[in-house]
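Below: one structure, written as structure tokens.
The values are calculated or read from the model by the stated rules, or taken from the named source; none is laboratory data. What you see is a predicted model, and the numbers here were worked out from it, not measured in a lab. As a convention, Cβ positions derive from the backbone with ideal geometry for all residues, glycine included, and neighbour counts pool all protein chains shown.
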Amino acid sequence: MVISSGKVVAGRVVLDSELPEGASVTVLAHDGDETFEANPEVERMLVEAISQSDRGETSPLPKLLDELRGRE
């Protein structure tokens, strides 16, 4: 798992680091001038969540929403 930042230049995403040819990527884009910075703990949590998804350890959306509503 690699986390990389970049910018859109001439309609293409240009990363600040190199990825291997053919790598699958997910792009999260913010509206306007929003920025996103993650401290090491949040980054670790995000990487673990993505790894769980890669392993097929997911929950159906209705179940997840019910669990989140139960925390209120």
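Summary table
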item	result
Any pair with Cβ under 6 angstrom, 6 or more apart, that starts in region 54-68 at a residue that is free of Cβ contacts under 8 Å to residues at least 60 places away in the same chain and ends at one that is surrounded by 10 or more Cβ atoms within 10 Å (Cβ to Cβ) and in a helix (DSSP H, G or I)	none
Conditions (1) assigned to a helix (DSSP H, G or I); (2) of a type outside the set (Phe, Trp, Tyr); (3) in contact (Cβ under 8 Å) with a residue 24 or more places away in the chain; number of the one not met by Ile3	(1)
Per-region count, region 26-58, residues surrounded by 10 or more Cβ atoms within 10 Å (Cβ to Cβ) and modelled with pLDDT of 85 or more	14
Residue ID - nearest to the chain's Cα centre (by Cα), chosen from residues in region 59-70 that are surrounded by fewer than 11 Cβ atoms within 10 Å (Cβ to Cβ) and part of a helix (DSSP H, G or I)	Leu61
Region 6-25, residues that are exposed (fewer than 10 other Cβ atoms within 10 Å of the Cβ), of a type outside the set (Lys, Arg) and not in a loop (DSSP other than H, G, I, E, B)	Val9, Val14
